[in-house]
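The values are calculated or read from the model by the stated rules, or taken from the named source; none is laboratory data. Being a predicted model, the structure only gives us computed values, none of them experimental. So basically every Cβ, Gly included, is an ideal-geometry build from the backbone, and we count neighbours across all protein chains shown. Just the protein is used for accessible areas: all its heavy atoms, side chains included, with ligands, DNA and RNA removed. Shrake-Rupley method; radii C 1.70, N 1.55, O 1.52, S 1.80 Å.
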Amino acid sequence: MNRPDVCDLITVVSVKDKEGYETLTETTSQVFCTWTEGVSQNEFYLAHKEGFEATASVEIFSPDYSKQKFVAFHGTRYRVIRAFQRRPDLTTLILEEVVR
C-alpha cells in the first residue's frame, strides 16, 4: 500500500526534575501516511457534538501509532480527537487543528 505523505506523531511526556518540578518533553517520530484535508460529514457532526472541530484525517500503519495525542503536518499541529482501526494494519486518526 502506497503512503504518499509524511507526518510527525508527537508524544508529550511530563518529566520531573530533581527539584520536583514538572516539565513537558516532546518526542516526534516521522511516519508515512495518507493525508486528507477535511473529514466526512458524519465525522464532522460527531466531533462537533463532542465540542471539537474536526479539520483533517490521516491514515497510518497501525504499528506506527502508539496513542500519540498530537500530529504535525507541513508545520501545522493537530490534536487527535479520535482514532480507529480500519483494518489490522491501518489506523485512521481524526484531527483538530491546534491554534496556539
Residue in segment 18-32 that is in contact with a helix residue (DSSP H, G or I) (Cβ under 7 Å, 6 or more places away or on another chain) and open to solvent by less than 40 Å² (accessible area, probe 1.4 Å) present: yes
All positions within segment 43-86 that are open to solvent by 80 Å² or more (accessible area, probe 1.4 Å), touching a residue at least 24 places away in the same chain (Cβ under 8 Å) and within 21 Å of PRO4 (Cβ to Cβ): PRO63, ARG86
Selection from segment 77-95 of residues that are out of contact with any Ser or Thr (no Cβ under 9 Å at 6 or more places or on another chain) and not charged (D, E, K, R): VAL80, ILE81
For ALA54: the one exception among (1) out of contact with any strand residue (DSSP E or B) (no Cβ under 6 Å at 6 or more places or on another chain); (2) in a loop (DSSP other than H, G, I, E, B); (3) among the aliphatic types (A, V, I, L, M): (1)
Residue selected from segment 1-43 under the condition of a type in the set (Phe, Trp, Tyr) and part of a strand (DSSP E or B), by the criterion modelled with the highest pLDDT: PHE32
